[in-house]
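Engineer: This is the structure, below, for whatever I ask next.
The values are calculated or read from the model by the stated rules, or taken from the named source; none is laboratory data. On a predicted model such as this, the values are computed, not experimentally measured, just so you know. Note: ideal-geometry Cβ built from the backbone for every residue, glycine included; neighbour counts use all protein chains shown. For accessibility, only protein heavy atoms count, side chains too; no ligands or nucleic acids. Shrake-Rupley method; radii C 1.70, N 1.55, O 1.52, S 1.80 Å.
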Amino acid sequence: VRVPGDRDTEYYCKFFRTPELSRKHHIVKLEAIIEPGNEKLVHHMILYECTGIETDRITPYLNEEYTECYNEENVRKFPFCFNVIGGWAVGGESFIYPDQAGLPLGIPEVKWILLETHYDNPSLQKGIVDNSGFRITYTSKLRKHDAAMLAVGNLWYPCMFIPPKQKEYIVAGHAHPSCLRRQVPPEGIKIYSFLLHSHIIGKQMLVRHFRNGEELLPLARDLNYDFNYQNDQLVVECVYDSSKRDKVTF
């Protein structure tokens, strides 16, 4: 991708054909490969499944190096590629699926996947070429369970807005049982990972959990969210007892 030097942010999309497989396989690892030197430029990447589309519908885009993901009104150009199957953001690492689950690959209704890459170029650097993407590891040895990603939150288009001069303004997206029942099987699901994501003025995120009218512990929360610092911080504290020593210990 030749990253534009006249815009500080851009979302680019590219289609990829899934492998020709005779039966279902499982994805067991998703690894982001960032072009060396472009770590401050590639902000996040998302992989989408394109469900039930024929090749002729996307043929005009296959010969292009990339295409913009949204039109001038910020509407998605490819709404048929909506199921998220993986993501990476600044500070992220490789994602390895638990031993008992894998993400299905090679199913007949999904022949194409879409890679969306967000480039953040506030200094308007010119002449940058990027070759970042994902390395996907998959196996024919199926795990016990199929994995999937459930995206919840507030739809940003066409009616999400934050008024000015607000220190803390809450926008809540409700996943009502009548909606969840369409995606979650009757026996329920096992949640093993979360990815919280907001944009520049986002400062906190909380995934609240209710059951039969009673609020349970939050599923996930980040009370110090920073758009440009989306990773964990580790502090190792070592406590020593030198009360019986008369000299400095190096």
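Engineer: Restricting things to Cα coordinates, could you compute the convex hull volume per residue of the range 1-64 in Å³?
Structural biologist: Taking the convex hull of the Cα positions in the range 1-64, it is 146 Å³ per residue.
Engineer: Here's another thing I want to ask about it. Provide, for the range 141-250, the number of lysine pairs with alpha carbons under 22 Å apart, each pair being eight or more places apart or on different chains. Please list the in-between numbers first.
Structural biologist: Numbers: Lys141/Lys190; Lys144/Lys190; Lys165/Lys203; Lys167/Lys203.
Going through the range 141-250 pair by pair, I get 4.
Engineer: Next question, about the same structure. Label Val239 and Lys165 with points 7 Å out from Cα along Cα→Cβ: what is the distance between them in nm?
Structural biologist: 4.9 nm
Engineer: Also: Could you tell me the largest-minus-smallest coordinate of the C-alpha atoms of the range 122-250 on each of the three principal axes, in descending order and whole angstroms?
Structural biologist: Here the spans come out as 70, 47, 42 Å, largest first.
Engineer: Diagonalise the Cα gyration tensor of the range 1-139 and give the resulting equivalent ellipsoid semi-axes, square root of 5 times each eigenvalue, largest first, whole Å.
Structural biologist: Values: eigenvalues 140, 77, 28 Å².
Sorted largest first and rounded, they come to 26, 20, 12 Å.
Engineer: Also: Each residue of the range 193-202 in order: what ³J(HN,Hα) in whole Hz does its phi give by Karplus 6.51 cos²θ - 1.76 cosθ + 1.60, θ = phi - 60°, with x for Gly and Pro?
Structural biologist: For the range 193-202, the Karplus-derived couplings read 7, 9, 10, 8, 8, 9, 10, 3, 8, x Hz, x marking Gly and Pro.
Engineer: To continue, here is another question. Between Lys190 and Lys126, what is the label-point separation in nm under the 7 Å Cα-to-beta-carbon projection?
Structural biologist: 5.5 nm
Engineer: List the trypsin sites (Lys or Arg not before Pro) within the range 148-207 that fall in a DSSP loop (any state other than H, G, I, E or B) and whose Cβ has at most 12 other Cβ atoms within 10 Å.
Structural biologist: When the trypsin sites (Lys or Arg not before Pro) of the range 148-207 are filtered for loop state and at most 12 Cβ neighbours within 10 Å, Lys165, Lys167, Arg181, Arg182, Lys190 remain.
Engineer: A follow-up question, please. Using 7 Å Cα-to-Cβ label points, what is the Phe80/Ala151 separation (nm, one decimal)?
Structural biologist: 1.7 nm
Engineer: If you don't mind, there's one more thing I want to ask. Determine how many Å³ per residue the convex hull of the Cα atoms of the range 59-148 encloses.
Structural biologist: 159 Å³
Engineer: Suppose we look only past 27 Å in the calculated P(r) of the chain. What percent of the Cα-Cα pairs does that tail hold?
Structural biologist: 48 percent
Engineer: Next question, about the same structure. Calculate what fraction, in whole %, of the accessible area of the range 35-171 sits on carbon and sulfur atoms when a 1.4 Å probe is rolled over the protein chains. Present the calculation step by step, with values, prior to reporting the outcome.
Structural biologist: Numbers: 4690 of 8880 Å².
That fraction is 53 percent.
Engineer: Just to confirm the filter: which trypsin sites (Lys or Arg not before Pro) across the range 16-125 are DSSP coil and have at most 16 other Cβ within 10 angstrom of their Cβ?
Structural biologist: Passing both the DSSP loop test and the Cβ count: Arg23, Lys24, Lys40, Lys77.
Engineer: Before I look further, what does the chain give for accessible area per residue, probe 1.4 Å, in whole square angstrom?
Structural biologist: Numbers: 18500 Å² over 250 residues.
Value returned for the chain: 74 Å² of accessible area per residue.
Engineer: If you find the alpha carbon centre of the range 65-136 and of the range 1-62, how far apart are they in angstrom?
Structural biologist: With the range 65-136 and the range 1-62 each reduced to a Cα centre, they are spaced 4 Å.
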